[in-house]
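Down below is the structure, laid out as structure tokens.
The values are calculated or read from the model by the stated rules, or taken from the named source; none is laboratory data. Small disclaimer: the values here were computed from a predicted structure and weren't measured. Every residue, glycine as well, gets a Cβ built from its backbone with ideal geometry; the counts of neighbours run over all protein chains shown.
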Amino acid sequence: MTTTGRPDRFLLTTLVTMTAVSGLVDAVSYLGLGHVFTANMTGNIVLLGFAAAGASGFSATACLTSLGAFLAGAVAAGRAARALASRRRLLVLAMTAEGVVTGVAAIIAFATTTVSAGWPRYAVIAVLGVGMGVRNATIRRLAVPDLTTTVLTLTLTGLASDSTLAGGTNPNAVRRGAAVAAMLAGAFAGALAFRHTGAGVTLLIGSVVVITLGLAFWSTHESRRLDQPATGDKAPAS
């Protein structure tokens, strides 16, 4: 953040790229782990309802595993946020943690015959869920409007309700549009990579992207502005 409270361009670029990684990871989890999300917990709640109603192709156990792991990661990140005064350090720590656990998920995928069944399935769901819980709690702490990096409902609502068609002035339209495009691109790339190379390679790509992005963010002078006092933009209620 700057002293005016407006996020720096590199921070926005970082968060948009992380949004793309969410699409990639959820492509693997939904297509390869049996209709479960590891980034989009709203989707998991819906899928859990489907499973509870007896709909075929949905697993309550898988959804609960993802939800539990996600919450555990969010708890860990919440404790870290209260222990660290630096939001810059907190973000890079969260990105490192996400990159590492995504790499662990990739190793499991490479080391086993399939991740679509048995213990590998639940292990990959769990480690990915933890990483996304850490990330979400951290992004919530940063409170950058319209960039939650994992869900788009409020972003799409803002695009429509604040548009000129609705009598608005299109605030943050570029940011909102970039988030939507990034999620779509990440999901497309993830699905394509998963279909042609499998879960291991796709998850490895996600791990490398997040760790590289974290290192790049840490090394830039602009990232230090994240710890400057900020006023102005506030995250919308959710």
task = Identify the single condition in (1) on the phi < 0 side of the Ramachandran plot; (2) modelled with pLDDT under 95; (3) among the aliphatic types (A, V, I, L, M) that residue 143 does not satisfy, given that it satisfies every other one.
result = (1)
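Kindly evaluate residue 190 against the criterion of being within 23 Å of residue 96 (Cβ to Cβ) and of a type outside the set (A, V, I, L, M, F, W, C). Before the answer, list the steps.
Values: within 23 Å of residue 96 (Cβ to Cβ): yes; of a type outside the set (A, V, I, L, M, F, W, C): yes.
Taking the combined requirement at face value, the residue satisfies it.
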key: helices (runs of 4 or more DSSP H) fully within the range 17-136 counting 2 or more residues that are more than 21 Å from residue 210 (Cα to Cα)   = 41-52, 60-83
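Table: residues versus (1) at pLDDT below 95; (2) in contact with a His (Cβ under 9 Å, 6 or more places away or on another chain); (3) farther than 24 Å from residue 135 by Cα; (4) surrounded by fewer than 19 Cβ atoms within 10 Å (Cβ to Cβ).
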{"residue": "150", "(1), (2), (3), (4)": "yes, no, no, no"}
{"residue": "157", "(1), (2), (3), (4)": "yes, no, no, yes"}
{"residue": "167", "(1), (2), (3), (4)": "yes, no, yes, yes"}
{"residue": "171", "(1), (2), (3), (4)": "yes, no, yes, yes"}
{"residue": "174", "(1), (2), (3), (4)": "yes, no, no, yes"}
{"residue": "180", "(1), (2), (3), (4)": "no, no, no, yes"}
{"residue": "183", "(1), (2), (3), (4)": "no, no, no, no"}
{"residue": "186", "(1), (2), (3), (4)": "no, no, no, no"}
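Given the criterion over 18 Å from residue 187 (Cα atoms) and surrounded by fewer than 16 Cβ atoms within 10 Å (Cβ to Cβ), identify the matching residue among 57, 73. Outline the logic, then answer.
Values: 73 fails: surrounded by fewer than 16 Cβ atoms within 10 Å (Cβ to Cβ).
Being over 18 Å from residue 187 (Cα atoms) and surrounded by fewer than 16 Cβ atoms within 10 Å (Cβ to Cβ) holds for just one of 57, 73, which is 57.
Considering only residues that are surrounded by fewer than 21 Cβ atoms within 10 Å (Cβ to Cβ) and touching a helix residue (DSSP H, G or I) at 6+ places or on another chain (Cβ under 6 Å), which ones fall in the range 77-86?
Correct list: 78, 81, 84, 86.
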ask   = Pick from the range 4-34 the residues that are at pLDDT below 95 and more than 20 Å from residue 138 (Cα to Cα): which of them is surrounded by the fewest Cβ atoms within 10 Å (Cβ to Cβ)?
value = 4
